[in-house]
Structure formats: C-alpha cells, structure tokens
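What follows is one structure encoded as structure tokens, with my remarks underneath.
The values are calculated or read from the model by the stated rules, or taken from the named source; none is laboratory data. What you are looking at is a predicted structure, and each value in this text was computed from that prediction instead of being measured. Please note: Cβ atoms are built from the backbone with ideal geometry, for glycine as well, and neighbour counts cover all protein chains shown. The accessibility values were calculated without ligands, DNA or RNA, using every heavy atom of the protein model including side chains. Shrake-Rupley method; radii C 1.70, N 1.55, O 1.52, S 1.80 Å.
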Amino acid sequence: MKVVYTDKAPAAIGPYSQAMVVGNMLFTSGQIPVVPETGELAGETIEAQAEQVMKNLSAVLAEAGSSFEKAVKTTCFLADMGDFAAFNEIYAKYFVNKPARSCVAVKTLPKNVLCEVEVIAVVED
C-alpha cells in the first residue's frame with residue numbers, strides 16, 4: 001500500500017490519508033470544498049463548492065498517477081438533495097466517462113459543507 005499526499009489538496013483533518021494506492025487501484029478519501037492554500041471554504045453555493053471538490057480530487061488523482069477518466073466508482077454526499085441537479089451539472093463536466101456512482105443525502109458533512117466526493121480509480125503502472 002502507498003499513501004498519497006499532495007499540498008495541492010486540503011490536508012486530512014483527522015486520522016486518515018488523502019488517498020491510498022493498492023496495486024493499480026486508488027481509493028481517495030472524501031474531498032470537501034476547502035481551498036488548500038487558505039483552509040477556507042470555497043463559496044456558499046453548491047456550484048462553487050462542487051467545483052472546489054473537483055479541483056481537490058483532480059490534485060489527488062494526479063499525485064497518484066490517475067485522472068477523472070480512470071475513475072471507476074464515486075460516492076457523493078450531499079447535505080441537501082435539493083442540490084442534486086446543480087451538483088450533477090458540475091459533476092458531469094469532470095466525470096465524462098460516467099463511472100458507477102452512489103449519491104446520498106446526509107444530515108451533516110464536515111465543516112457544514114454542501115458536498116463531499118470520494119473516488120475509486122485506476123492508476124498507471
């Protein structure tokens with residue numbers, strides 16, 4: 001197993017890694033819309049927060065030698081299912097290969113953000 005870390009995504013705020021590589025598979029932790037340079041949340045709308053989540057995921061995927069195109073499964077967490085359509089607009093720009101996905105509404109997310117996404121992806125050898 002290999003721990004993945006990049007300063008281009010927020011540092012873990014608990015006892016976990018940004019991601020782990022096992023064989024040729026990458027398992028990311030959930031990324032929330034924290035701007036890594038400032039530690040602040042990226043906006044108050046689902047659109048602004050979803051864009052930052054994708055930027056954070058992009059950094060973790062790249063550090064591990066993967067990309068959105070190599071995603072095989074995502075899990076998306078929304079604070080409000082009323083944001084589902086707006087979230088999907090942002091999500092679809094990045095996950096163009098349409099990986100398998102679960103999307104659930106949860107009572108509360110860390111830092112009271114509106115969304116969080118984790119990814120399982122293939123890594124280059």
Which one is farthest from residue 70 (Cα to Cα) among residues in the stretch 94-106 that are touching a residue at least 12 places away in the same chain (Cβ under 8 Å) and either of a type outside the set (A, V, I, L, M) or out of contact with any strand residue (DSSP E or B) (no Cβ under 8 Å at 6 or more places or on another chain) (or both)? 103
Could you grab the pairs with beta carbons closer than 7 Å, sequence gap of 6+ or different chains, first residue in the stretch 1-16 and of a type in the set (Val, Ile, Thr), second one in a loop (DSSP other than H, G, I, E, B)? 3/17; 4/17; 4/18; 6/18
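From the list 123, 60, exactly one residue is within 19 Å of residue 3 (Cα to Cα), in contact with a helix residue (DSSP H, G or I) (Cβ under 6 Å, 6 or more places away or on another chain) and aliphatic (A, V, I, L, M). Which is it? Give the steps one after another, and end with the answer.
Numbers: 60 fails: in contact with a helix residue (DSSP H, G or I) (Cβ under 6 Å, 6 or more places away or on another chain).
Among 123, 60, only 123 is within 19 Å of residue 3 (Cα to Cα), in contact with a helix residue (DSSP H, G or I) (Cβ under 6 Å, 6 or more places away or on another chain) and aliphatic (A, V, I, L, M).
Out of curiosity, is residue 29 under 10 Å from the mean Cα position of the chain (by Cα), within 16 Å of residue 94 (Cβ to Cβ) and modelled with pLDDT of 95 or more?
Numbers: under 10 Å from the mean Cα position of the chain (by Cα): yes; within 16 Å of residue 94 (Cβ to Cβ): no; modelled with pLDDT of 95 or more: yes.
Judged against the criteria, residue 29 is not a match.
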Filter result for residue 114 (out of contact with any helix residue (DSSP H, G or I) (no Cβ under 6 Å at 6 or more places or on another chain) and either surrounded by fewer than 12 Cβ atoms within 10 Å (Cβ to Cβ) or modelled with pLDDT of 95 or more (or both)): no
Yes or no: residue 47 under 15 Å from residue 113 (Cβ atoms), surrounded by 13 or more Cβ atoms within 10 Å (Cβ to Cβ) and acidic (Asp, Glu)? yes
Scan the stretch 57-67 and give yes if some residue there is in a strand (DSSP E or B) and either open to solvent by 60 Å² or more (accessible area, probe 1.4 Å) or among the charged types (D, E, K, R) (or both), otherwise no. no
From the options 71, 79, 86, residue that is touching a residue at least 12 places away in the same chain (Cβ under 8 Å) and within 23 Å of residue 7 (Cα to Cα): 71
Would you tally the residues in the stretch 9-26 being loosely packed, with under 14 Cβ neighbours inside 10 Å, of a type outside the set (A, V, I, L, M, F, W, C) and either at negative phi or modelled with pLDDT under 95 (or both)? 4
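Quick one: how many residues across the stretch 28-43 are in contact (Cβ under 8 Å) with a residue 60 or more places away in the chain and either crowded, with 19+ Cβ neighbours inside 10 Å or in a loop (DSSP other than H, G, I, E, B) (or both)? Step through it out loud before you land on a result.
Just the residues of the stretch 28-43 that are in contact (Cβ under 8 Å) with a residue 60 or more places away in the chain, to begin with: 28-34, 41.
Next, only the ones that are either crowded, with 19+ Cβ neighbours inside 10 Å or in a loop (DSSP other than H, G, I, E, B) (or both) stay: 28-34.
So the count comes out to 7.
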